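Novice: Sharing a structure here in structure tokens format.
Every number here is computed from the coordinates shown, using simple stated rules; none is lab data. Quick caveat: nothing in here was measured; it's all calculated off a predicted structure. FYI the Cβ positions are ideal-geometry reconstructions off the backbone, even for glycines, and counts take in every protein chain you see.
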Amino acid sequence: MTIRLPLALLPVFAVSGLFGACHRVPRRGDGSPPSGAAGAPRLKLGEGRYELGPLVQDESAHRSVTVSNTGALPLEISAIEASRFCSGSINPKTIAPGASGQLEVTCRSDLHGPLREFLLIHSNDPSADKVPIELVGNVTPHLAFDAQVVTLEMPFGEERSQEVHVVGKLLDSAAVRLKESALAVDSSVDLLSSQSGSIQGFRIRCKGKKAGTHSGNLVISTGLAQLKEIAMPYACKVAGTLEVSPTNPYFNLKISGPKVVSIEVRSTQPGFEVRGARVTEGPFRASVEGRISDNAFRVQVKVLEDRLTDGNRGSLGKLVILSNDRTEPEKEIPLFGFGKLNSVPAE
């Protein structure tokens, strides 16, 4: 059956159908509007990086950060992700369109020096659901050295020095005294005093009398009840003229056949000679194989398998190389054997 409509009604139906096709209302469950759509919350910060101002070690510092919603729907703050030293809370957690909230930040560091932390704001902003906030500052210690560690490098026979100073909030109330028991070999520490006679710092002095690395600690007593001592490690690195390769010879005890390692001993000293090699510890035997160039010799070290038991899963030893090198005439080298002994001869 055919239904005929009056011609006068046809334009009304045509316009109505066109209007419905171009203005469909989103159904519930269609998801959030795409980024850039007008109907969405938008989180905005005044800055991305915030200075915390003066901070003191183990004391809390506070900063307020404005969080705005420039979008068309309410902004929901679901979480403020804390960092190691900083945390935050926001009020209100739901920010209406065109309104702002205050993020209260608290930072407390048990370390001193430069501080750089990041908080993450989690929200329902579809364009940026995690927004970072950078927090920077400098933490003043209660009492500390102005260097974390000192390393002085020098050739054999020379001397190097460096000054370090004591800084901190409690410096004026401290009674600084040097404790010399932890100093490195062939090193000394001089006091640096102000015109009033108070100790302002120290000068570490290293003398290159013996090749190698010599470590020590600069330790001072403070006279304070809560912070009785502070310390700073330092090292004197004295470069000699003798070189060995490898520096840490090791033996794979699991392989079949002889376990042998060759060590090259070299010196820049004119007329250099290796005069002997002896094992002072461990199941090893050493011998000088001879000269390989004008300033280099070869030393061979072998594992003595008959001095190892089947239950051994490793062995340690020490080798001493004797030479006319003036910087290290008796060079001590550690020896390492790894694994369970395989006594099967090589084919």
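Novice: Measuring from label point to label point, each 7 Å out along Cα→Cβ, what is the S100 to E76 span in nm?
Specialist: 2.5 nm
Novice: Hey, fewest Cβ within 10 Å first, where do D110, D125 land in order?
Specialist: D110, D125
Novice: Right, another one. Nearest 10 degrees, 0 to 90: what angle lies between the long axis of helix 10-22 and the longest principal axis of the chain (Cα atoms)?
Specialist: Approximately 20 degrees, to the nearest ten.
Novice: Taking the Cβ-Cβ separation of S87 and Q148 as r and a Förster radius of 30 Å, what is the calculated FRET efficiency to the nearest 0.05?
Specialist: So, using R0 = 30 Å, E works out to roughly 0.70.
Novice: Using the charge dipole of the chain (Lys, Arg: +1 at Cβ; Asp, Glu: -1 at Cβ; taken about the Cα centre), state which of T66, S194, V149 has its Cα farthest towards the positive end.
Specialist: Value: T66.
Novice: Apply the Karplus parameterisation 6.51 cos²θ - 1.76 cosθ + 1.60, with θ equal to phi minus 60°, to every residue of region 140-145 and state each ³J(HN,Hα) to the nearest whole Hz, in sequence, with x for glycine and proline.
Specialist: 7, x, 5, 6, 6, 7
Novice: For a quick protection proxy, order the peptides 240-249, 42-51 by their average other-Cβ count within 10 Å, most packed first. Intermediate results must be reported in sequence, preceding the final value.
Specialist: Numbers: 240-249: 15.4, 42-51: 13.9.
Ranked from most to least packed, the peptides come out as 240-249, 42-51.
Novice: While we're here: With viscosity set to 0.890 mPa s and temperature to 25 °C, compute the Stokes-Einstein D of the chain, Rh being the Kirkwood radius across alpha carbon pairs; µm²/s, no decimals. Intermediate results must be reported in sequence, preceding the final value.
Specialist: Details: Rh = 28.3 Å.
Calculated translational D: 87 µm²/s.
Novice: Would you mind ranking S173, S127, S315 by Cβ crowding within 10 Å, fewest neighbours first?
Specialist: Ranking S173, S127, S315 by Cβ neighbours within 10 Å, fewest first, gives S173, S127, S315.
Novice: While we're on this one: State the extension gain, in nm to one decimal, for the chain segment bounded by L316 and Q226, taking 0.36 nm per residue of separation less the distance between their alpha-carbons.
Specialist: Answer, rounded to one decimal: 28.0 nm.
Novice: Go through V265, T247, G314 and say which Cα lies farthest out towards the positive end of the charge dipole of the chain; charges sit on Cβ, +1 for Lys and Arg, -1 for Asp and Glu.
Specialist: So the residue we want is G314.
Novice: Quickly estimate the mean residue ellipticity at 222 nm for the chain, helices only: each DSSP H run with n ≥ 4 gives -39500 (n - 2.57), and the total goes over all residues, rounded to 500.
Specialist: On the way: 1 runs with 13 residues, N = 347.
Estimated from H runs of four or more residues: -1000 deg cm²/dmol.
Novice: Give me the extension gain from E289 to S173: residue separation times 0.36 nm, minus the current Cα-Cα distance, reported in nm with one decimal.
Specialist: Length gained between E289 and S173: 35.3 nm.
Novice: Taking R0 as 45 Å, what's the FRET efficiency between V260 and A182 from their Cβ-Cβ distance, rounded to 0.05?
Specialist: Details: r = 41 Å, r/R0 = 0.92.
With a Förster radius of 45 Å, E is 0.60.
Novice: Dipole of region 98-150, Cα-centred, from +1 at each Lys and Arg C-beta and -1 at each Asp and Glu C-beta, to the nearest 20 debye?
Specialist: Result for region 98-150 is approximately 40 debye, rounded to the nearest 20.
Novice: Using the basic label-point model (7 angstrom from Cα toward the beta carbon), what is the N252 to E159 distance in nanometres?
Specialist: 5.0 nm
Novice: With charges only on Cβ, +1 for K and R and -1 for D and E, what is the dipole size of the chain about its Cα centre, in debye, rounded to 20?
Specialist: 800 debye
Novice: Could you tally the net charge around F338, taking each other residue with its Cβ under 12 Å from the Cβ of F338, Lys/Arg +1 and Asp/Glu -1? Before the final figure, lay out each step's value.
Specialist: Values: positive: K254, K259, R313, K340; negative: none.
Around F338, the surrounding residues sum to +4.
Novice: A follow-up question, please. Of the listed pairs K179/K237; K93/K169; K210/K254; K207/K259, which have alpha-carbon separations greater than 29 Å here?
Specialist: Beyond 29 Å between Cα atoms: K93/K169; K210/K254; K207/K259.
Novice: Something else: Please give the contour-minus-distance gain from N138 to S245: 0.36 nm per residue of separation, less the Cα-Cα distance, rounded to one decimal in nm.
Specialist: Taking N138 through S245 to full extension adds about 34.0 nm, to one decimal.
Novice: Moving on to the next point. Quick one: putting +1 on the C-beta of Lys and Arg, -1 on the C-beta of Asp and Glu, what dipole do you get for region 58-214 around its Cα centre, in Debye to the nearest 20?
Specialist: 400 debye
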